[in-house]
Structures are given as C-alpha cells and as structure tokens.
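Reviewing the structure listed below.
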Amino acid sequence: MRTTGSELSYDIEFPGAADLVRLESATLDGDELEVWRAGGAKNSLYVFTPERKTVELSRPVGANRTLVLRVSVMPSNKAYGIEDEIFASYAEVIARGAVARINSDAVIGQWFDDECERIKIKTWRGNSSARPRAVGVAF
C-alpha cells in the first residue's frame with residue numbers, strides 16, 4: 001500500500017473472506033519496520049494493528065512511500081469454504097475425526113490425533129521430508 005502525507009492509520013483489505021490473525025513483519029520502502037507487540041520495546045518508528053482491521057504507524061512517514069505487510073490470515077465467518085488445496089490435503093482426516101467424535105470411536109479418534117500430530121510436524125518442516133537444520137553461530 002502507498003502512504004499519504006500525515007496519515008497514521010491504513011485499512012487492511014484482504015482478498016476473499018479472510019481475517020487477520022497476526023501482523024508478522026512490515027517494510028517501508030524495503031527497510032524493515034519493528035512490529036510492536038504488547039510488552040515489547042518501542043523504537044521511534046514502528047507498526048501495529050489495534051483491532052486487526054487497520055494498521056497504524058507510530059509517526060507520519062511522508063507521502064507516496066511503499067508499506068508492505070506480511071500477515072497471517074484465517075478464513076472469516078463470511079467464508080463459504082476453504083481453499084481447494086487445503087481441502088484436498090486434509091478433507092479425509094477432518095471427516096474421519098468428525099465420525100470418531102460422533103460415534104465415540106476410540107480407534108478412529110486415536111488415528112485422527114496421530115494424523116494431526118503428523119500434520120503439525122510436516123508443517124513445521126515446511127512440507128518437506130528433511131528436518132530443519134539449526135544455524136551455527138561463531139563466537
């Protein structure tokens with residue numbers, strides 16, 4: 001989005017029916033901005049979102065500058081469904097978990113819990129089979 005002269009608050013528009021979960025990072029003309037979190041340190045220029053509908057800057061930055069936000073979103077209550085890729089990946093797991101809960105089936109319920117753990121690990125690994133490596137630090 002482009003900044004205006006003295007404006008501090010900007011509306012966040014998401015495609016489709018999505019809600020903001022978290023403001024991950026922000027840049028202003030390619031330079032990193034600090035994202036303020038409760039209890040965090042405040043520099044002279046930082047960005048935050050008070051109610052997850054707008055983003056605010058701590059001070060005016062001038063007109064015609066590029067503000068880029070990296071955010072986490074989730075489907076809102078207005079969403080008609082989920083993305084096809086997510087549906088294709090997890091529809092069977094979700095359906096079996098629902099059947100296990102409705103029928104109080106412990107075996108399928110345990111399978112569902114195991115699959116949820118596998119999905120968490122797969123997501124943590126970035127959907128690859130390799131384990132993320134720790135980055136060494138030279139002292």
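The values are calculated or read from the model by the stated rules, or taken from the named source; none is laboratory data. Bear in mind the structure is a predicted one, so any value in this text is a computation, not a measurement. Here the Cβ positions follow ideal geometry from the backbone for every residue, glycine too, while neighbour counts run over all protein chains shown. These accessible areas exclude ligands, DNA and RNA; they are computed on the full protein's heavy atoms, side chains included. Shrake-Rupley method; radii C 1.70, N 1.55, O 1.52, S 1.80 Å.
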(message) Restricting to region 55-88, name every residue that is more than 19 Å from the chain's Cα centre (by Cα) and closer than 18 Å to CYS116 by Cβ.
(response) ALA88
(message) Could you go through region 62-73 and let me know if any residue there is among the polar types (S, T, N, Q), exposed (fewer than 14 other Cβ atoms within 10 Å of the Cβ) and at positive phi.
(response) yes
(message) List the residue pairs whose Cβ atoms are under 6 Å apart, where the first residue sits in region 109-124 and is part of a helix (DSSP H, G or I), the second is of a type in the set (Val, Ile, Thr), and the two are 6 or more positions apart or on different chains.
(response) GLU115/VAL93
(request) Go through region 74-128 residue by residue and tally those that are of a type outside the set (A, V, I, L, M, F, W, C), at pLDDT below 75 and either open to solvent by less than 90 Å² (accessible area, probe 1.4 Å) or over 30 Å from ILE12 (Cα atoms) (or both). (result) 4
(request) Only residues that are assigned to a loop (DSSP other than H, G, I, E, B), open to solvent by less than 70 Å² (accessible area, probe 1.4 Å), of a type in the set (Gly, Ala, Ser) and closer than 28 Å to ASP84 by Cβ: list them for region 1-60, please. (result) ALA17
